[in-house]
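Have a look at the structure below, then the notes.
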Amino acid sequence: MLEPTIFTWILIVFGLLTCGPLLYAQLIMVFKPHSEEARKLLIGKGEEWRDKSHFKSAYALAIADWILYLPVFIAGITGVILAQGWGYILFAAAGAIILYINIFLWFFEKEYVYPAVGPWAYYTYFWGNFSYWGFAALFYSILRLNGINF
Amino acid sequence: MNLMTKKFGPYPMGIWIALIALLLAFLGWLMQAYSLLDWEGAVKLGLQNGSFEGDAVERAVANKERGEAIADMLWPLPIAIVALIGLLRNEFIGFVAAMMEFAICIYFPLFYTFQLWNTDIETVIGANVLWAIPSLLGIIGLWANRQYFN
């Protein structure tokens, strides 16, 4: 009943493609927070941290994502592939976390990031894809757990 | 797990713990709601650290905190309402919503911990004691009683 469908696999692949590069960038941030590479990956080429609060927020988000988000995300994907109820619950939790972060980032960062990267980048790989994935993973999981299969 | 499934009145212990953790989450969202209504008053009460009337650093902190407060009103607060009603009514959607709420309530204290541990240890301890630890216990309590939900 909870077996992955083609739609499940699309969500999993989309999630990995969306979150994989971010988690890589955050790994650099965790281990080399003051490096140029971390700055380049997280804010863009040639850009500097706006202030200490911006740097510390990015650093804390990177660690929190590696300690909590990544395990929940990977365990969720594993559970979903194994057709387990707990997998869908973790998948939904991963979606809820990423939606939370991106609602926060919308209010905290959009005024700086959006003008710098433009609408296409912002509404896709900079911010949008994370929100679309979170929303889709969350509601898909709830529907599957309620017996709606697609 | 036996203690978690032992019934005390209408609910097993694990569900009581989850309900208490949810009420603590509501306390947090109430603080955030008050902050949005009267930011400088909330700063005076110690609910927020950054003032919009302070220097550039304080304003940057206030900007970040306001982003968190708005995000809290838009996402974890509605989930908490669904979770509370669902748990009280013994509905499976309450179980899933509470799991998502607790994931967020562990995530943001982790974020605070790595952002503020060397500048504001009181906030770090407060966030972990009030939200992260109860939420973790809430997850354990709910999982022990997962058969309890419709």
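What angle, in degrees between 0 and 90 and rounded to the nearest 10, separates the Cα long axis of helix B:76-88 from the longest principal axis of the Cα atoms of chain B? Between the helix axis and the principal axis of chain B, the angle is about 20 degrees.
Do the sum for chain B: with -39,500 (n - 2.57) for every DSSP H run of n ≥ 4, divided by all residues, what is the mean residue ellipticity at 222 nm, to the nearest 500 deg cm²/dmol?
Working: 8 runs with 112 residues, N = 150.
The per-residue figure over chain B is -24000 deg cm²/dmol.
With only the Cα atoms considered, the protein assembly as shown has a convex hull volume of 135 Å³ per residue.
May I ask for the net charge around A:Glu111, where only other residues with Cβ less than 15 Å from the Cβ of A:Glu111 are counted and Lys, Arg are +1 while Asp, Glu are -1? Spell out each step's value before the answer.
On the way: positive: A:Arg50, A:Lys110, B:Arg59, B:Lys64, B:Arg66; negative: A:Glu47, A:Asp51, A:Glu109.
Counting the neighbours of A:Glu111, the net charge comes to +2.
Exposure proxy check: B:Asp38, A:Asp65 ranked by fewest other beta carbons within 10 Å?
Numbers: B:Asp38 12, A:Asp65 25.
Ascending number of Cβ neighbours within 10 Å: B:Asp38, A:Asp65.
Taking only alpha carbon atoms, chain B gives an Rg to Rh ratio of 1.04, where Rh is the Kirkwood radius. The B:Ala33 and A:Lys110 beta-carbon pair, evaluated with R₀ = 30 Å, returns a calculated FRET efficiency of approximately 0.85.
Kirkwood hydrodynamic radius of the range A:6-145 from all distinct Cα pairs, in Å? Each step should come with its number before you reach the end.
Working: mean 1/r = 0.0643 Å⁻¹.
Its Kirkwood hydrodynamic radius stands at 15.5 Å.
Between helix B:56-74 and chain B there is an angle of about 30 degrees, using the helix long axis and the longest principal axis of the Cα atoms.
Pairs of Cα atoms under 8 Å, at least six residues apart: use those to get the relative contact order of the range B:12-144, whole percent. It would help to have the intermediate numbers written out before the result.
On the way: 155 pairs, mean separation 41.9, N = 133.
Relative contact order of the range B:12-144: 31 percent.
Give me the Kirkwood hydrodynamic radius of the range A:43-126 in Å, from all C-alpha pairs, to one decimal place? Display every interim value, and only then the final one.
Details: mean 1/r = 0.0689 Å⁻¹.
Over the range A:43-126, the inverse of the mean reciprocal pair distance is 14.5 Å.
Can you pick out the pairs among A:Lys52/B:Lys44; A:Lys110/B:Lys44; A:Lys56/B:Lys44; A:Lys40/B:Lys64; A:Lys52/A:Lys110; A:Lys32/A:Lys52 whose Cα atoms lie more than 20 Å from each other? Present the calculation step by step, with values, prior to reporting the outcome.
Details: A:Lys52/B:Lys44 23 Å; A:Lys110/B:Lys44 28 Å; A:Lys56/B:Lys44 24 Å; A:Lys40/B:Lys64 22 Å; A:Lys52/A:Lys110 18 Å; A:Lys32/A:Lys52 16 Å.
From the list (A:Lys52/B:Lys44; A:Lys110/B:Lys44; A:Lys56/B:Lys44; A:Lys40/B:Lys64; A:Lys52/A:Lys110; A:Lys32/A:Lys52), the Cα-Cα distance tops 20 Å for A:Lys52/B:Lys44; A:Lys110/B:Lys44; A:Lys56/B:Lys44; A:Lys40/B:Lys64.
Counted as membrane-span-like here are DSSP H helices of chain A whose alpha-carbon atoms extend 27 Å or more along the helix's own axis and whose Kyte-Doolittle mean is -1.0 or above; these are A:6-31, A:85-121.
For the range A:9-63, the alpha carbon convex hull comes to 77 Å³ per residue, rounded to a whole number. Against chain B, whose longest principal axis is taken from its Cα atoms, helix B:133-144 shows a tilt of about 20°.
For each of B:Cys105, A:Cys19, count neighbouring Cβ atoms within 10 Å of the residue's Cβ, then give the residues from fewest to most. Kindly include the intermediate steps, with their values, before the conclusion.
Working: B:Cys105 28, A:Cys19 22.
Fewest-to-most ranking of B:Cys105, A:Cys19: A:Cys19, B:Cys105.
The numbers here are math on the coordinates, done by the rules we state, and not lab data. Since the structure is predicted, the reported quantities are computational estimates derived from the model, not experimental observations. Positions of Cβ are generated from backbone atoms using ideal geometry, with glycine treated the same way; all protein chains shown enter the neighbour counts.
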